[in-house]
Amino acid sequence: MKEGEASGAFIRARMIFSLIQTYRVAIMDLTIREAVLEDADWFLALNAANTPAVGPLDIDRLRALEDQSHAVMIAEDGQGERLGALVVLAPGREYFSLNYRWFERELDSFLYIDRVMVAESGRRKGVGVALYAEALELAEQHGADQLAAEVNITPPNPVSMAFHERMGFSRIGDQQLPDGKHVAMLTRKVLNPQAAG
């Protein structure tokens, strides 16, 4: 491991530990893995349970999202119970999200967090922190300078906004969507971006 990589790994570990203490959540034995076909029904049910914090999905939109994504990751505990999911996209995709398009216009080098969802059984156990740490790692590996995400202002999602602020995200703009939603556009600098290749 190179010196810069070791430094980035240390900073990530310290950030995760700090956030877990801040949220007073249990430290779980979590594995983050790539999604497989057998996760589809569970993923759709989790997405439905997290709406309107995330946009609605059906099987066709899920397939389209997976085709466009940089990664779809699943968090599991030590017994193999699925507790959360993460979807990230790189720039240059033909993706249907207006929020993704906004970031494409405003940023040069980023990885977009399309959705992070945590099951009820995974709440306050560090699952969200672990998924964001994975997003940070993916962004570094991709060579992106920033992580990008949005949080609903209307309807309000103060828990998500507070979480993103604790994760080091800053608000760089707002967007009003045709469906009446108003969202805050957030970014976070990547710790140690590597050349993609």
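The values are calculated or read from the model by the stated rules, or taken from the named source; none is laboratory data. Values in this document were obtained by computation on a predicted structure and should not be read as measured data. Backbone-built Cβ (ideal geometry, glycine too); neighbour counts: all protein chains shown.
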Practice problem: State all residues of segment 158-180 that are in contact with a strand residue (DSSP E or B) (Cβ under 6 Å, 6 or more places away or on another chain) and surrounded by 13 or more Cβ atoms within 10 Å (Cβ to Cβ); if no residue qualifies, say none. | Solution: Ser160, Met161, His164, Gly168, Phe169, Arg171, Ile172, Gly173, Gln175
Practice problem: Would you confirm whether any residue within segment 11-28 is farther than 24 Å from Met161 by Cα and at pLDDT below 95? | Solution: no
Practice problem: Specify the residue that is farthest from Arg63 (Cα to Cα); the eligible residues are those in segment 92-120 that are outside any loop (DSSP other than H, G, I, E, B) and among the basic types (Lys, Arg). | Solution: Arg105
Practice problem: Name every residue in segment 93-105 that is touching a residue at least 60 places away in the same chain (Cβ under 8 Å) and within 23 Å of Ala49 (Cα to Cα), in order of residue number. | Solution: Leu98, Asn99
Exercise. Please indicate, with yes or no, whether at least one residue in segment 59-71 is touching a Ser or Thr at 6+ places or on another chain (Cβ under 9 Å) and part of a loop (DSSP other than H, G, I, E, B).
Key: no
Self-check item: Residue pairs meeting the criteria (Cβ under 7 Å; at least 6 apart or on separate chains; first touching a residue at least 12 places away in the same chain (Cβ under 8 Å), in segment 161-185; second among the aliphatic types (A, V, I, L, M) and part of a loop (DSSP other than H, G, I, E, B))
Solution: Val183/Leu177
Exercise. Only residues that are of a type in the set (Val, Ile, Thr), touching a residue at least 24 places away in the same chain (Cβ under 8 Å) and out of contact with any Leu (no Cβ under 7 Å at 6 or more places or on another chain): list them for segment 37-92, please.
Key: Val54, Val72, Ile74
Quiz item: Pairs, please: C-beta under 6 Å, at least 6 apart or cross-chain, first residue at pLDDT 90 or above and in segment 111-130, second assigned to a helix (DSSP H, G or I) and polar (S, T, N, Q)?
Solution: Met117/Asn50
Quiz prompt | Checking Pro155 against (1) modelled with pLDDT under 90; (2) of a type outside the set (Lys, Arg); (3) surrounded by 17 or more Cβ atoms within 10 Å (Cβ to Cβ), the condition it does not meet | solution = (3)
